[in-house]
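> Structure in structure tokens, see below.
The values are calculated or read from the model by the stated rules, or taken from the named source; none is laboratory data. The structure presented is a predicted model; accordingly, all values stated were derived computationally and were not measured. Please note: Cβ atoms are built from the backbone with ideal geometry, for glycine as well, and neighbour counts cover all protein chains shown. Accessible surface is based on the protein model in full, side chains and every heavy atom, while ligands, DNA and RNA are left aside. Shrake-Rupley method; radii C 1.70, N 1.55, O 1.52, S 1.80 Å.
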Amino acid sequence: MRKKIIIGNWKMNLNLSEAQDLAFKLKGEVNTKTLAEVAVCPSFVYLSAISNILKGSNIYLGAQNMSNQESGAFTGEISPLMLKDFNVKMVIIGHSERRQVFNETDEDINAKIKTALKHEFTPIFCCGEELKTREANKAEEFVKNQVLAGIKDLSKEQIEKLIVAYEPIWAIGTGKVCSGEDANKIIKMIRNVIKEKSSVDISERVRILYGGSVKSDNFNETIKYSDIDGGLVGGASLKADEFLKLVSLAGNAHEQSQSHPASV
Ligand code: 13P
């Protein structure tokens, strides 16, 4: 049974004391009884401070990006070896903001996923279409190609180590949420692509999340779908109360799926 996970992507938000305050609040509430897994991805410059706070907690630390190189003349980049020093377990790779604002290509993303796996990070591999692609009825085809490009040449064992996040670009930071039904449809398709490239068993173990304007007042409708294994959350991850509500909604969904497997 896949465990639900809620991942906070803090993006380029919060100052040091705000980030520390948020981490302390989350640490105080997330414990061994929490039914969903929890991770936060602060800015690089706060990884050290947040890592110290989260030590001994049940919250995973993630980074928002990573170089595909280990060291060298790459001004401004952050190496996987540097992330290791701060107990980072996960790395967001291929976020649409990296693709659109920083021109990262499918090839860059594939290289980063391979580097992340080499260094035993869990890649949180993001994919998702623009509004015009959805309106042209090409969302499935587009996301399928993105996924295939991202996992190109990965072994089955490597594919099993991924977390995939479906984040339709038109839903990110816009307040427009993809309906649970539509998100589940794409997520099922992604699971099918993974199955074709690995095995049924592996595809049933890989977690696939939804991201895009996730809030406590809309997440119940999303997380009830059995193929949706959690959320990658931007804005709503910046407030402890709101983020913890999402964690508890995911925990409830996990409990329900255990008592009524494959209900939706
Ligand atoms: P919002 O939750 O702010 O829409 O951001 C989603 C996202 O991009 C998470 O990676």
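> How many of the residues in the stretch 174-203 are open to solvent by less than 20 Å² (accessible area, probe 1.4 Å), assigned to a helix (DSSP H, G or I) and closer than 17 Å to E141 by Cβ?
Count: 7.
> Look at the stretch 131-166 and say how many of its residues are in a loop (DSSP other than H, G, I, E, B) and closer than 16 Å to R191 by Cβ.
4
> Scan the stretch 131-142 and give yes if some residue there is open to solvent by 20 Å² or more (accessible area, probe 1.4 Å) and under 18 Å from the mean Cα position of the chain (by Cα), otherwise no.
no
> Give me a count of the residues in the stretch 10-29 that are open to solvent by 10 Å² or more (accessible area, probe 1.4 Å) and in contact with a strand residue (DSSP E or B) (Cβ under 7 Å, 6 or more places away or on another chain).
Selection size over the stretch 10-29: 1.
> If you don't mind, another one. Within the set of pairs 6 or more residues apart or between chains, which connect a residue that is under 19 Å from P123 (Cβ atoms) inside the stretch 223-241 to a residue that is within 12 Å of the ligand (Cβ to nearest atom) and of a type in the set (D, E, K, R) with Cβ atoms less than 7 Å apart?
If the second residue must be within 12 Å of the ligand (Cβ to nearest atom) and of a type in the set (D, E, K, R), the pairs left are L232/E167; G234/K11.
> Which condition does V91 not pass, out of (1) in contact with a Pro (Cβ under 7 Å, 6 or more places away or on another chain); (2) buried (at least 22 other Cβ atoms within 10 Å of the Cβ); (3) in a helix (DSSP H, G or I), if it passes all the others?
Going through the list (1) in contact with a Pro (Cβ under 7 Å, 6 or more places away or on another chain); (2) buried (at least 22 other Cβ atoms within 10 Å of the Cβ); (3) in a helix (DSSP H, G or I), V91 breaks only (3).
> Does the stretch 212-235 hold any residues that are of a type in the set (A, V, I, L, M) and either open to solvent by 10 Å² or more (accessible area, probe 1.4 Å) or assigned to a loop (DSSP other than H, G, I, E, B) (or both), and which are they? Write out each step before concluding.
Going through the stretch 212-235, the residues of a type in the set (A, V, I, L, M) turn out to be 214, 223, 228, 232-233.
Residues satisfying the conditions are V214, I228.
> Turning to a different aspect of this structure: Among the residues of the stretch 190-200, is there at least one that is farther than 14 Å from K144 by Cα, in contact (Cβ under 8 Å) with a residue 40 or more places away in the chain and either touching a Phe, Trp or Tyr at 6+ places or on another chain (Cβ under 9 Å) or more than 16 Å from the ligand (Cβ to nearest atom) (or both)?
The answer is yes, given that some residue of the stretch 190-200 is farther than 14 Å from K144 by Cα, in contact (Cβ under 8 Å) with a residue 40 or more places away in the chain and either touching a Phe, Trp or Tyr at 6+ places or on another chain (Cβ under 9 Å) or more than 16 Å from the ligand (Cβ to nearest atom) (or both).
> Has the stretch 108-130 got at least one residue that is in a helix (DSSP H, G or I), open to solvent by 60 Å² or more (accessible area, probe 1.4 Å) and not charged (D, E, K, R)?
The answer is no, given that none of the residues of the stretch 108-130 is in a helix (DSSP H, G or I), open to solvent by 60 Å² or more (accessible area, probe 1.4 Å) and not charged (D, E, K, R).
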